[in-house]
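Data block below; observations after.
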Amino acid sequence: MAGFTLAEATLVTAILAVAAGVALPSAAPLAEVRLDAAASEVVAALRFAREDAMRTHDYRMVTCNTGVNEVRVFRLGIESSYTYESQSDPKLQHPVTQQPYTIDVGATPAGGNVRLQRCAFAFADGTATAVTFDPDGNPVRGTGDTASQTQALTGGTVVVNAGAVSRTVTVEPTGRVTAS
């Protein structure tokens with residue numbers, strides 16, 4: 001009866017161990033890839049809102065709801081500050097999916113373990129979970145001409161996390177949106 005020598009068995013085991021190490025990604029890089037995908041979706045929503053506000057010369061609002069893990073983009077009318085118009089309005093559609101612009105941060109492509117941890121947009125009178133882009137693309141408190149509604153953003157962050165790993169999306173007072 002033929003068998004394998006100890007050297008042959010050791011060599012095959014070593015080759016299989018190296019192949020498994022290369023083929024199977026660890027959980028940490030996967031969490032980072034998921035976070036990058038989620039942060040990219042949030043960045044895209046904020047940039048879309050700003051660019052669409054400038055393109056249409058109308059207001060766009062981005063809201064965050066950490067309770068349901070969701071980011072939304074709305075069209076606002078000047079006469080209806082802080083009032084969300086119908087999400088079924090075709091002008092509010094996501095440019096790719098043609099559905100109402102709502103992002104479930106934990107859904108695909110990010111995956112179920114990604115959470116919208118914090119959403120804070122700072123203004124002179126406090127912090128909000130929403131930011132509005134005016135027709136010039138400037139991030140402001142709301143719509144209209146009153147001092148409270150035209151307050152410029154002093155800074156904003158949206159934080160997504162998966163366990164101990166997180167990504168921060170930053171909105172600058174100029175309207176520039178970045179992720180880190």
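FYI, it's all coordinate maths here, none of it is from the lab. Since the structure is predicted, the reported quantities are computational estimates derived from the model, not experimental observations. Cβ atoms come from the backbone with ideal geometry, glycine included; neighbour counts cover every protein chain shown.
Using a simple spin-label model with points 7 Å from Cα along the Cα→Cβ vector, what separation in nm is obtained for Arg55 and Ala14?
Spacing of the two 7 Å Cα→Cβ label points: 5.9 nm.
Which of Leu6, Leu16 has the fewest other C-beta atoms within 10 Å, and how do the rest follow up to the most?
Lowest to highest Cβ neighbour count: Leu6, Leu16.
Sort Thr150, Thr5 by Cβ crowding within 10 Å, fewest neighbours at the top. If you can, show how the numbers build up before the last one.
Details: Thr150 15, Thr5 8.
Result, fewest neighbours first: Thr5, Thr150.
Any chance you could run the full-extension gain for Phe4 through Thr97? It's 0.36 nm times the residue separation minus the Cα-Cα distance, nm to one decimal.
Stretched fully, the Phe4-Thr97 segment lengthens by 27.7 nm.
Residue by residue through segment 167-178, what is 3J(HN,Hα) from phi via Karplus (6.51 cos²θ - 1.76 cosθ + 1.60, θ = phi - 60°)? Round to whole Hz and write x for glycine and proline.
Taking θ as phi minus 60°, the curve returns 10, 10, 9, 10, 10, 8, x, 7, x, 5, 10, 9 Hz for segment 167-178.
For Thr154 and Ser180, compute 0.36 nm times the residue count separating them, minus their Cα-Cα distance, and round to one decimal in nm.
Working: separation 26, 0.36 × 26 = 9.36 nm, distance 1.86 nm.
In short, 7.5 nm is gained.
How do Ile15, Ile103 rank when sorted from fewest to most other Cβ atoms within 10 Å of their own Cβ?
Ile15, Ile103
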